[in-house]
Structures are given as C-alpha cells and as structure tokens.
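Since the structure comes first, as structure tokens, the remarks are kept for the end.
The values are calculated or read from the model by the stated rules, or taken from the named source; none is laboratory data. Just so you know, these numbers come straight off a predicted model, no measurement behind them. So basically every Cβ, Gly included, is an ideal-geometry build from the backbone, and we count neighbours across all protein chains shown. Calculation scope for accessible area: heavy atoms of the full protein, side chains included, ligands and nucleic acids excluded. Shrake-Rupley method; radii C 1.70, N 1.55, O 1.52, S 1.80 Å.
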Amino acid sequence: MELKPAWGHAPRRRPGSKESMQRTQKNKQLRISLGITAIMVALYSCTATAQVTPGDYEDGLGLAAKYRNLTENVASNPSWIDEEETLVYSKTVPGGHEFFLVDATNGNKTPAFDHQRLAAGLNAAAHTEIKPMELPFTQLQLVDHHKTAEFTISQQRWRCDLTTYHCEQSSHRNRGRGNDDDGPPIWLNSLDPSRPSPDKRWEAIVENYNVVIRTPDHKQTIPLSTDGSEGNYYDLSSFAWSPDSRYLVAYRIKPGYKRMVHYTESSPATQLQPIYFEIPYTKPGDTLDIQQPVLFDVEAKREIPIDNALFLNPFDLTNAEWWKDSRGFTFEYNQRGHQLYRVIEVDAKTGKVHSLIDESSNTFVDYRPLIMNQTDTGKKYRYDIADGRQILWASEREGWEHLYLVDSASKQFQQITHGNWVVRAVNRVDEQKRQIWFEASGMNLDEDPYFVHAYRINFDGTGLTPLTPGPGNHHVEYSGDGKYYVDLVSTINTPPVLTLYRTEDNTKVSELEHGNIDKLITAGWHAPEAFKTKGRDGKTDIWGVVWKPANLDPKKKYPVIEDIYAGPQGSFVPKTFSTRAEPLTELGFVVVQIDGMGTNNRSRAFHDVAWKNLKDAGFPDRILFHKAYAAQHPWYDITRVGVFGTSAGGQSAMGALLFHPEFYQVAVSNSGCHDNRMDKIWWNEQWMGWPIGPQYSDSSNVDNAWRLQGKLMLVIGELDDNVDPASTFQVADRLEKADKMFDLLYVPGGHHGAGGAYGERKLMDFFVRNLLNEPPPNWNAKASSPTSSQSLERQ
C-alpha cells in the first residue's frame, strides 16, 4: 500500500530517474547536515559556554582586591640612603606594607618611621583617610639625616618632617613622559635668573635675548653677545662656566615650529560650561629648534667661533659639560633621524671641534639612557675616566649591547664585555681598581634570556665574576660607598628574597626578607605559566606568559585574548613576582602576554624588526606562539582569538584586525596612536625614522582602516595629552567612510588609558558578546542613584 500525502497523490518515480536521483541527493545532503549538526552540538558541549553572570564580572573585577594584603615579607624597592651604609625598603605585612631601615654594618632592622603619625600627617595635609599600613607609595627617600621623608603620590612630590610629622606638597611635580615642554625659555620664569661663575666674580644673565655678565653687586655689566633676538635667543638654562671661570658656553636657539594641540573638557566637575585649553605638542616632521653652542672668553670679553659642521642637523644637543682642567668641553649630538649619535669635544682656547665617539646605525641609535627598567630603557651609557682621557661607552655595534673602553686621543675602542647577551645597566665604576659592576641578561643559557643577573668585570675584559648565581630575575642596589649591595630576586611564581652582601668578597651578610605567599595561594591565586617557542626565523625563542581560565576544565575549549604592547622601548612580559590576576579569566577566557620581535632587551637584530615597521608588532612571532601553545594544550582555542591594548598597544590591537584578520577576530583599542605622524615626535621618529616617508602610511591604522574585518571597539579619553585624541577620531572617520561597523567609547574628562571601571566592564562585555557569543548582563536593569557630580549646583 502506497502512503499518500494529505494534499494529494504522490507520483511514482522510476529507479534511476532524474527525480529519484534528486531525492537521493537531497536525502544524502540531509544526512550530512544532520551529521554536521551533531558534531557542532558535540563541540558546543565541549566549549566553555556556561552563561556569564554579573557575579562572574564581580569576581573578575574584584581579583585585585581579593588578593591584596595576602602576602607577608614580600620586599620591594630597596635603596640606600645617600652615602650611608643604611638601606631602606618596603615589605608586605598583615594589612598592608611598612618601611624598614637596615644598618648594613650590624644588621639591625628598625621601622623607618612612625607609620601611624605619617598617615595622620598626610591625612591632615591632603584631607584624606589613609591607613597607616596602606600608605599610597612604596618607594621613598630619607634625607636630612633621616629627618625628612620624600615620596611621590600621583606624580606629586611630598615632604614629611619625621620629627613633627608635618607633611606638605613640594613645588616640584613629576611629569609624565607624554610630550614636549616647548614653553618659553626657562629664564623668563626663573626665580634666580643668573648663573654665577665658580670663583663668584661674575654672574651670567640673559638681557634682551643676549648674554651679559655682571658683578655680584650689579655695579658693572658687560655684554658678551649682541646677536640675540626673539627669533634667535640665548637660553640661560644652557649656560655652563668652565671650572677656572675663564670661559662660558651658552646655546643660541632659533625656534622651530610650535605646534599646539587643543582640548575641550566637556564635563568639568566645577562648572557647567566646558573648559578649553591647549598644550605644546611637537609631532614627527615638524621643524625643530636649532641649537648652536657659543663659546665666550670672559677674560678677553670675546666670542670664540665654533664650527657646526659636525652637528648640522640636530634632533637635540645635550648641554655642555666641561673637563675638570678647563681644557675644553663636550656635548652630545643626536642627529635627526637617530642614525648618528656623536660625542663632540670643543677646545676652549681655539673653539676647534672634533668627534670623540661616533655611534651610527643603518636603522636607529637608541639614544636614551641605559637604565635598569625592563619596560622603558635606552642604550646609551657614558662614564668619563681620568677627566675624559678614557670613556666607558655602551654600544650595540657588534649586534649586542656591550661595554667598551674608548681612548679619547686615538679614538680606539677596546671591547670589555663579549657574547650573545645584553648589558642591561651599569651600577658602579671604580677607577682606581679599574672595575665595573653591571647587570646583564641572557648569559645563562638554561634560563629565561630576560632574567637579569649582576656581574663584575675589569676594564680590560678579564675577571668576569657573577654576583647573583641563583636562578631568577635579580635586581641589585649598591651602597653609596660601594661596600655593600642587596639582591632582590624572584620569578613570576616564586616570591622575592632580599639578601645583603659584602661587595669586597661577595659574601652573604644576611637574608633580610623571604616572601611568604601561603595565604595568597589558599585564596585561589594562580601564577601565570611561562612558555616559549621559536619565532619567525625558526631559531630565536619567543617568550610569553599564559593566565588560565578560572576552574579550567581541559575537556572544554576556551577563547584566547592577548594583552598586547609592542613598544620598542622595552619588553613587557612580567618576569618578577606580583599578585597580578587577569579579570577576564573569571569569564572563561585565557589571557596571554607575549614579547615578539621588535621589542627591547634582546639582540640588535631582534630589536631592528620594529624599524620603519611598527605595524609588524611582532605578530608573526605572536601567532606562532599561540599555535605552539595550542598544539600542547587542546583547550586553548585559537579559532577564537581577541586582543586588547593601550597607547602603542592600542595601535597594535587594531592593527591585528587590519593586518592579520585570518587569526585575530576581536579587538579593543584604547588611546591608540593610530597614525605615527599624529603622535609625539621623540617616540615615533625614533622608531619610524625621519624624514617622513611612505612607511608611516604603511603602518597607519587610519590609512588602512578599509581593511577592517573583525569586531573593533575604540576607546578614547577627550583629555589624552600623551596621544593626540584626534588620532582615534581620524580612524573613526575612515571607518565610517569605508562603511565599517565598530564601537566607540568616548570618555568625557578621560586621560590616556581612559575608561576606569566602566571601560573595563565595556571591554569585558565586548569580548563576551563577540568571542563567547553570549549577551552580556543587562546593566541598565538595575536603577542607580544620581552621581555626586549630577547633584552639584554648577554655574
């Protein structure tokens, strides 16, 4: 019996007929579809898909508070007091942290001050409610024979009298590293607009833009120059007397273009109407000030001409520094484009100019000072020996940052340190013993190449002696007299140990602190996992760390989010212990941080990848890292990868979607310098070169906005004085013109890295929606009360 459909008779089909074959094909497709659906259901059941709740957000955003104050005896920021043999440092205690003093001669340890009284003094001065164990600083200087404490809170310097515990803000405010200080010459606002000669016979001043000397009683005044003007003035801050008081050097400055960036503070807390202001902000390609050293023979009351042939195109000249015997002075010439850095000597009697050291590169010379700062250091180190007859100099001329001894007369370089490793800082130099104490990384082949150790070596390159042989990332500080040093060592998963040593024979005096993290671990804290794999060249190790999701189930799949910052000024993967935890892990994400090629603290070839190519951002290495980790950890889902970053990291986060959409799908870009022509001059010309060329457009997120394929959220603070906010708006403009969809979070009153807790939650929402494919919580469902600013009576 043939079954018939309710709506009529079904025609019979012959086997092999067209209709029969079509029906067979459809049934086959249906079975395949059902099979695929079953596979997808199975995969879905293995994916971390538990509904994200407001409680998960609360857990994530509360991790920092949860793990705060759960360590004991974790030391930080050790420093020596002036030339004393007394050490001061901070360490964690139940409820917060305290400062301690150690007398290195006898090992006595005492509180650095009365924490209760200092907190009370700060509260009285700042109208705050600071608790004694939660002082808002972890580093301080003790001056005036331990009678005064100096420290910084939110970039503001403070002084507290440790006898009366009266605290006050100092007039000096620490500046951020954002922008230029292209204001008026310093002498226009100077409280002491004169520079006295060492013998006190004369005072040098600027009068009507010219150099004038006068007697201290002001009864005699003698002009030394007459060629100064508003457009070619002498700068008092550059004045330098020779030690014998016979000569004076002054810089004459021809001003360049003074670019201003304009701001609107739309929502000030103190008034209804917006506030408008501007700041100086020099950008790549702008015309710069031209500095010309001018030498005066004060006794003869005449100018000695200085030929500028060796410093024709300065990005900057350092101020003049005289030899102690007054035979001449030196200054350092940083040629624009940063491919030539020169130490120049000028003969005092003749004004003759010659170069002592030429440091050149086909890419860039990293001219900033070599300091022990993982995330922000240059490569320049200079130490004058025997009043400049010899110079200790750091250079990458052999492919790695090493130390050299330069003979000033013959200009010959003698290499002191050798090998495929990096000098990271010079701690002290003993001219009599002809020895150098320095820090370096990469010498121990069985360790993370970023781990820093301390060493001593002789001027002739012999006697290399390790001072911190134990594994880990070390930081050393030497007493002013050089008799003692302390070593603070840790890793990302082992707490710090602070140990005091005697320098002469490197013997251990005492272990001062040994961190305890038992309570932290009991509370659920987990250290990130360090991981390495080969980079794009197949031989260089690329290092990173992985924060795993909370309650990791290896049978499930977890999306990956990379926290990116690829600025060439440093390396950024953490190497020392901290209680840092990633909020996104509480929502079911893996969070990763990687140092790809183009970042600092490795070989010169590793660093050079960034040159004229900031869009690279180490992405070929980062992607290989993700793939290698996923190959060993099946729960690490590289089919769902997001990225977020701020500043240069914001540029890279968006760049991930523009230049590598095959791998990255979602990005949150905060305060990005999206076009390097729009950002501050020093950072961008250093890495992208000068003059401005097509490489700037090649790396521009603005010019490449049309490439966008993934999901993008831009975040910008309207008062960002580090990166011109217009950079983000220009990206938005290009995206709109290219008909690309994106999210934009504009933060009224926000500065660099704006957003705060609100922005953090928006970031989490964005990744939940676009990587977990879940709707975020409905935050507007719960009514909130007006903010205090809304209730202000503003005029």
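Want the number for Ser79 to Lys131: 0.36 nm per residue separation, take away the alpha-carbon distance, what's left? Each step should come with its number before you reach the end.
Values: separation 52, 0.36 × 52 = 18.72 nm, distance 2.38 nm.
Full extension of this stretch gives 16.3 nm more.
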Notebook entry, point to check: Which semi-axes, in whole Å and largest first, does the equivalent ellipsoid of the stretch 467-524 have when worked out from the alpha carbon gyration tensor as the square roots of 5 times its eigenvalues?
Noted result: 26, 11, 9
Notebook entry, point to check: How many percent of Cα pairs in the stretch 360-501 exceed 24 Å?
Noted result: 31
Notebook entry, point to check: Once the piece of chain linking Asn613 and Glu431 is laid out straight, how much longer is it, given 0.36 nm per residue of separation minus the C-alpha distance between them?
Noted result: 61.3 nm
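Normalized C-alpha radius of gyration of the stretch 479-572, against 2.2 N^0.38 Å?
That ratio works out to 1.57.
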Notebook entry, point to check: To the nearest 20 debye, what is the magnitude of the charge dipole of the chain about its Cα centre, counting +1 on the Cβ of each Lys and Arg and -1 on the Cβ of each Asp and Glu?
Noted result: 3620
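Counting alpha carbon pairs within less than 8 Å and at least 6 residues apart, what relative contact order, in whole percent, applies to the chain?
Details: 1724 pairs, mean separation 77.1, N = 795.
10 percent.
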Margin query: Considering just Cα atoms, how many Å³ per residue does the convex hull of the chain enclose?
Written below: 239
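Just to confirm a number: summing +1 for Lys and Arg and -1 for Asp and Glu over residues other than Tyr381 whose beta-carbon lies under 14 angstrom from that of Tyr381, what do you get? Let's see the in-between values first.
Working: positive: Arg368, Lys379, Lys380, Arg382, Arg397, Arg424, Arg428; negative: Glu332, Glu359, Asp366, Asp384, Glu396, Glu401, Glu439.
In short, 0.
Sort 194-205, 772-783, 713-724 by packing, meaning the average of other beta carbons within 10 Å per residue, with the highest value first. Show your work: numbers first, answer last.
Values: 194-205: 16.9, 772-783: 12.0, 713-724: 23.1.
Order by mean packing, descending: 713-724, 194-205, 772-783.
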Margin query: For a quick size check, give me the Cα extents of the stretch 544-682 along its three principal axes, largest first, whole Å.
Written below: 48, 29, 27
Notebook entry, point to check: Any idea how far apart Thr270 and Asp217 come out in nm if each label point goes 7 Å out from Cα toward Cβ?
Noted result: 4.8
Notebook entry, point to check: So which helices of the chain fit the span-like rule, where a helix is a whole DSSP H run, its Cα atoms reach 18 Å or more along the axis, and its mean Kyte-Doolittle is at least 0.5?
Noted result: none
Notebook entry, point to check: Under Stokes-Einstein, with the Kirkwood radius over Cα pairs standing in for Rh, what whole-number D in µm²/s applies to the stretch 313-380 at 25 °C and 0.890 mPa s?
Noted result: 188
Item checked: Sorted largest first, extent of the stretch 220-303 alpha carbons per principal axis (Å) -> 62, 32, 23
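Out of the stretch 79-168, which trypsin sites (Lys or Arg not before Pro) are coil in DSSP terms and have no more than 16 other C-beta atoms within 10 Å?
Working: sites: Lys91, Lys109, Arg117, Lys147, Arg157, Arg159; in loops: Lys147.
Passing sites in the stretch 79-168 are Lys147.
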Check: Between the stretch 595-672 and the stretch 338-402, what's the alpha-carbon centroid distance in Å?
Finding: 32
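Taking only C-alpha pairs under 8 Å that are 6+ residues apart, what is the relative contact order of the stretch 253-360 in percent? Provide the component values of the computation, followed by the final result.
Working: 192 pairs, mean separation 19.1, N = 108.
Reported relative contact order: 18 percent.
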Next item on the list: Could you let me know the centre-to-centre spacing of the stretch 730-786 and the stretch 67-137, using Cα atoms, in angstrom?
Entry: 39
Margin query: Could you compute how fast the stretch 215-258 diffuses translationally, taking Rh as the Kirkwood radius over C-alpha pairs and applying Stokes-Einstein at 37 °C with viscosity 0.692 mPa s? Give it in µm² per second.
Written below: 265
Next item on the list: Find which of Thr494, Phe606, Pro274 sits farthest along the positive direction of the dipole of the chain, computed with +1 on the beta-carbon of Lys and Arg, -1 on that of Asp and Glu, about the Cα centre.
Entry: Phe606
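Mind ordering 680-690, 730-740, 583-593 by average Cβ neighbours within 10 Å, highest first? Please list the in-between numbers first.
Details: 680-690: 21.7, 730-740: 16.1, 583-593: 24.3.
Highest-to-lowest ranking by the protection proxy: 583-593, 680-690, 730-740.
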Checklist line | With eigenvalues of the C-alpha gyration tensor scaled by 5 and rooted, the stretch 642-696, Å | finding: 23, 13, 7
Next item on the list: Can you tell me the FRET efficiency between Asp698 and Asn373 if r is taken as the Cβ-Cβ distance and R0 is 35 Å, rounded to the nearest 0.05?
Entry: 0.70
Notebook entry, point to check: Among the lysines, which fall within straight-line cross-link reach of Lys483, defined as a Cα-Cα distance under 16 Å, with same-chain neighbours fewer than 8 residues apart omitted?
Noted result: Lys433, Lys508
Note to self: Regarding the stretch 401-471, what's the average projected area of the Cα-atom convex hull, expressed in nm²?
What the structure shows: 5.0
Note to self: Please list log₁₀ I(q)/I(0) at q = 0.11, 0.17, 0.27 Å⁻¹ for the stretch 682-755, using the Debye equation with identical point scatterers on the alpha-carbon positions.
What the structure shows: -0.33, -0.75, -1.17
Item checked: Euclidean distance between Cα centres, the stretch 528-563 to the stretch 433-489, Å -> 30
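Going from most exposed to least, what order do Thr215, Thr507 have by accessible area with a 1.4 Å probe? Spell out each step's value before the answer.
Values: Thr215 25, Thr507 50 Å².
Sorted by accessible area, descending: Thr507, Thr215.
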Margin query: Taking the square root of 5 times each eigenvalue of the Cα gyration tensor, what semi-axes in Å does the equivalent ellipsoid of the stretch 604-650 have, largest first?
Written below: 25, 15, 7
Item checked: In Å², nearest 10: area of Ile564 left accessible to a 1.4 Å probe -> 0
Notebook entry, point to check: Taking the alpha-carbon set of the stretch 641-773, what are its Rg and Dmax in Å?
Noted result: 14.0, 46
Notebook entry, point to check: How much length is gained on full extension from Ala300 to Asp114, taking 0.36 nm per residue of separation minus their Cα-Cα distance?
Noted result: 61.1 nm
Check: Between Val93, Ala120, Thr164, whose Cα lies farthest towards the positive end of the dipole of the stretch 55-181 when Lys and Arg beta carbons carry +1 and Asp and Glu beta carbons carry -1, centred on the Cα centre?
Finding: Ala120
Checklist line | Mean Cβ neighbour count within 10 Å, used as a protection proxy, ranking 53-66, 358-371 highest first | finding: 358-371, 53-66
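Within the P(r) computed for the stretch 344-439, what percentage of the Cα pairs occupies the region above 24 Å? Numbers along the way, then the final one.
Details: 1057 of 4560 pairs.
Cα-Cα pairs in the stretch 344-439 separated by more than 24 Å: 23 percent.
With only Lys, Arg, Asp and Glu charged, each at its Cβ (+1 for the first two, -1 for the last two), find how big the charge dipole of the stretch 311-373 is about the Cα centre; round to the nearest 20 debye. Display every interim value, and only then the final one.
Numbers: 7 positive and 9 negative charges, 30 e Å.
So the magnitude is around 140 debye.
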